[in-house]
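Chemist: There's a structure below that I have some questions on.
The values are calculated or read from the model by the stated rules, or taken from the named source; none is laboratory data. The structure displayed is predicted, hence computed values, not measured ones. We place every Cβ from the backbone using ideal geometry, glycine too, and count neighbours over all the protein chains shown.
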Amino acid sequence: MRYDNFDSNEVLHAKLVAGKTGYDIVVPSSYWAKLQADGGVLRKLDRVSSSGSINDMANGSMCLALAWSGDISIARQRAIDGKTGQKIESLTPKTGGILFFDMMVIPADAPNPDSAHKFSNYILKPEVAAGLTNKVFYANPNLESKKFVKPEVAKNPAVFLNPADLQKVQARTRSAATSGAR
């Protein structure tokens with residue numbers, strides 16, 4: 001498999017429009033994917049599903065997915081719980097991956113900002129944050145919560161990246177942030 005990174009969606013788009021790229025899979029941002037689909041440079045897919053792929057991985061009807069690590073970890077847990085025999089793991093590319101953050105913010109005109117602060121503080125309590133990590137397999141920003149995270153989840157490198165993979169995704173995130181990439 002050939003793997004290339006492009007410095008912008010525009011460069012990838014130009015290659016696709018020119019044709020004969022040699023690529024089996026491309027990963028444009030959602031805005032560009034729509035333009036490319038509408039422009040006829042992408043094949044139609046039988047199915048695109050976010051939650052469906054979790055079950056499809058768990059039951060063995062899908063063997064490869066480009067998915068968020070949490071979804072892959074949920075599929076892995078469903079396969080274990082359902083005793084399907086599927087070996088599911090999340091892999092980080094040699095060149096790194098995408099690091100994203102969920103944010104809680106309070107709009108300037110929020111009608112109940114005090115309640116919003118209370119809810120945010122509740123979610124960030126170590127026990128609550130750990131419970132969310134145990135359920136959805138995503139790390140959380142509260143370092144104190146790790147002692148409440150189930151050992152098998154705390155050891156899962158798809159949830160808590162090993163230092164080398166963390167370095168790769170941080171470098172790639174910094175690069176995207178400073179280049180203005182979308």
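Chemist: Could you look through the stretch 1-53, keep only residues that are more than 24 Å from Lys94 (Cα to Cα) and β-branched (Val, Ile, Thr), and pick out the one that is modelled with the lowest pLDDT?
Modeler: So, considering only residues that are more than 24 Å from Lys94 (Cα to Cα) and β-branched (Val, Ile, Thr), the one modelled with the lowest pLDDT is Val48.
Chemist: Which of the residues belonging to the stretch 132-175 are among the acidic types (Asp, Glu) and in contact with a Pro (Cβ under 8 Å, 6 or more places away or on another chain)?
Modeler: Within the stretch 132-175, Glu144, Asp165 qualify.
Chemist: Let me ask you something else. If you check Asn142 against the conditions, is it free of Cβ contacts under 8 Å to residues at least 12 places away in the same chain, more than 27 Å from Gly52 (Cα to Cα) and outside the structural domain of Asp7 (by TED's automatic domain parsing)?
Modeler: No, not satisfied.
Chemist: Out of everything in the stretch 99-119 that is exposed (fewer than 12 other Cβ atoms within 10 Å of the Cβ) and closer than 16 Å to Ser69 by Cα, what residue ends up being nearest to the chain's Cα centre (by Cα)?
Modeler: Ranking the candidates gives Phe100 first.
Chemist: Here's something else I'd like to know. Residue by residue through the stretch 139-181, note down the ones that are hydroxyl-bearing (Ser, Thr, Tyr) and either closer than 17 Å to Phe100 by Cβ or at pLDDT below 85 (or both).
Modeler: Residues satisfying the conditions are Thr173, Ser175, Thr178, Ser179.
Chemist: To continue, here is another question. Just to be sure I understand the filter: pairs with C-beta atoms under 6 Å, separated by 6 or more residues or on different chains, first member in the stretch 159-172 and of a type outside the set (D, E, K, R), second member not in a helix (DSSP H, G or I). Which pairs pass?
Modeler: Val159/Phe137; Val159/Ala139; Phe160/Ala139; Val169/Gly96; Val169/Gly97; Val169/Leu99
Chemist: Can you tell me which of Asn121, Asn156 is part of a loop (DSSP other than H, G, I, E, B) and polar (S, T, N, Q)?
Modeler: Being part of a loop (DSSP other than H, G, I, E, B) and polar (S, T, N, Q) holds for just one of Asn121, Asn156, which is Asn156.
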